[in-house]
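The values are calculated or read from the model by the stated rules, or taken from the named source; none is laboratory data. Bear in mind the structure is a predicted one, so any value in this text is a computation, not a measurement. Cβ: placed from backbone, ideal geometry, glycine included. Neighbour counts: every protein chain shown.
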Amino acid sequence: MDAIRIRVERNWQAWERNHYCMMRAVGGEKIFRGFTVEQMVETIEQWAARDVDPPLMSPAAVYIREAMGLEGYRHLLAVGSLDGLVEASRQARVCSGAANEVSATVFRVLMEEYGNGKLSRKHSTFYHSMMAQLGLDTRPEAYFDLVPWQVRRDRRLGGALGLCPGEGYGGTGRASTGGRYPGDGNKGGKRSPTSTEASCNVK
């Protein structure tokens, strides 16, 4: 099998190198013309390695990878779970209504979010797995009150995450059920707004 794969790959790479139009579409005229097959393979492997482990471009990214401890990472996952566990649900609302280029594009993204119909490949499944491995509560709103106050005071940003009723996508259960949500200990009964929800009324 390896011999067949190598033979196919070698023929394909030679074909790609010799087809000017195809190469021009990926910048090959300047990058690949005159390369041997081995040089082309080495260049592509370097690009692939950079894509897999890209250089960190922001101080926040450097801090997360180089300095943040386990507890800090657990806290980051907990806050992010407000979006990470329900992200696709917010996008689904954009796909409704009259068809247009934007909704079609969002639908393609939505298909990827849902793992193209496979629960094991759904993005929220991966997030759920990360949280479970670190011993975190995997319910979508378990860490609702950990959301930073800056987000809670910004009605537009909070609405995009589903934290403020009547704003953005309407997102998570607390915002979209008018004060009723599963697992709050009231068995579906009406409850008083939390300080988080009350802060959404700040102008």
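Number of residues in region 118-135 that are of a type outside the set (A, V, I, L, M, F, W, C), within 28 Å of Gly72 (Cβ to Cβ) and surrounded by fewer than 13 Cβ atoms within 10 Å (Cβ to Cβ): the value is 3. Within region 62-81, the set of residues being within 27 Å of Glu141 (Cβ to Cβ) and of a type in the set (A, V, I, L, M) comprises Ile64, Met68, Leu70, Leu76, Leu77, Ala78, Val79. Answer yes if at least one residue in region 103-117 is in contact with a Lys or Arg (Cβ under 6 Å, 6 or more places away or on another chain), of a type outside the set (Ser, Thr, Tyr) and either within 30 Å of Asn11 (Cα to Cα) or surrounded by 10 or more Cβ atoms within 10 Å (Cβ to Cβ) (or both), and no otherwise. For region 103-117, residues in contact with a Lys or Arg (Cβ under 6 Å, 6 or more places away or on another chain), of a type outside the set (Ser, Thr, Tyr) and either within 30 Å of Asn11 (Cα to Cα) or surrounded by 10 or more Cβ atoms within 10 Å (Cβ to Cβ) (or both): present.
Residue under question is Val37, and the condition is that it be within 30 Å of Arg10 (Cβ to Cβ) and either assigned by TED's automatic domain parsing to the domain that holds Asn11 or at pLDDT below 85 (or both); does it hold?
Values: within 30 Å of Arg10 (Cβ to Cβ): yes; either assigned by TED's automatic domain parsing to the domain that holds Asn11 or at pLDDT below 85 (or both): yes.
Criteria met by Val37.
Of everything in region 83-102 that's of a type in the set (Asp, Glu) and more than 14 Å from Lys122 (Cβ to Cβ), which residue is nearest to the chain's Cα centre (by Cα)? Show your work before the answer.
If we filter region 83-102 for residues that are of a type in the set (Asp, Glu), which is where we start, we get 83, 87, 101.
From what's left, more than 14 Å from Lys122 (Cβ to Cβ): 83, 101.
On the way: Asp83: 9, Glu101: 21 Å.
Only one residue tops the list, namely Asp83.
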